[in-house]
Amino acid sequence: MGRLRGDGERIAAHFGLLCRGIVAERSGVVGHYGICYEDGLIKIRLQHATRGTPLKYSSLMNTLCHELAHLKFFDHQEGFRRFYARLLGWARAQGLYRPRGVGGATDPRFTQQERCDLLASLRSALAGGGSETDKPEGGGQLALFPHGSS
């Protein structure tokens, strides 16, 4: 958690974001990967929802960048999506975000066409208009991947 907190503070400082704190979500929470509150507190779930195994650091960093983006845009509209992509891009360039595995250029489990299809699917999801589950819940909070999906 210390590494995640330090990397998050570094990202927040670079982008001028006022983050009150980055803490681990309490055990047993499975309704979201991360949550951001209006006061700047961010909670990140560290374990897989059903297996209870630790999540990969790249997944934690992705979630953290998503929640940090909410410090500037408290919705999932175009401005948020662009800023979230900027945060991830900067984190990747700094070596803080290093996703591996599924869909990677060297992943032998996928053909070139499957990788192209996966990338198109991800781009479509990022460009999507959102749904009712994307809207802030009561208490001024916004959850990433709400309602138990993982």
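The values are calculated or read from the model by the stated rules, or taken from the named source; none is laboratory data. These numbers were taken from a predicted model, which means no experiment stands behind them. Don't worry about glycine lacking a Cβ; one is built from the backbone with ideal geometry, like all the others, and counts go over all protein chains shown.
Could you look through region 1-14, keep only residues that are surrounded by 16 or more Cβ atoms within 10 Å (Cβ to Cβ) and out of contact with any strand residue (DSSP E or B) (no Cβ under 6 Å at 6 or more places or on another chain), and pick out the one that is farthest from Tyr57 (Cα to Cα)?
The extreme case among them is Ala12.
Counting only residues that are touching a Leu at 6+ places or on another chain (Cβ under 7 Å), free of Cβ contacts under 8 Å to residues at least 40 places away in the same chain and of a type in the set (A, V, I, L, M), how many does region 62-99 have?
1
Can you tell me which residues in region 73-98 are basic (Lys, Arg), farther than 12 Å from Ile11 by Cβ and surrounded by 14 or more Cβ atoms within 10 Å (Cβ to Cβ)?
Of everything in region 73-98, just one residue is basic (Lys, Arg), farther than 12 Å from Ile11 by Cβ and surrounded by 14 or more Cβ atoms within 10 Å (Cβ to Cβ), namely Arg81.
List pairs: first residue in region 41-53 and within 14 Å of Gly28 (Cβ to Cβ), second residue of a type in the set (Asp, Glu) and buried (at least 17 other Cβ atoms within 10 Å of the Cβ) anywhere in the structure, Cβ distance under 6 angstrom, at least six positions apart or on different chains.
Short answer, once both residue conditions are applied: Lys43/Glu25; Arg45/Glu25.
Mind telling me which of the residues Lys72, Lys43 ends up being at pLDDT 95 or above and assigned to a strand (DSSP E or B)?
Lys43
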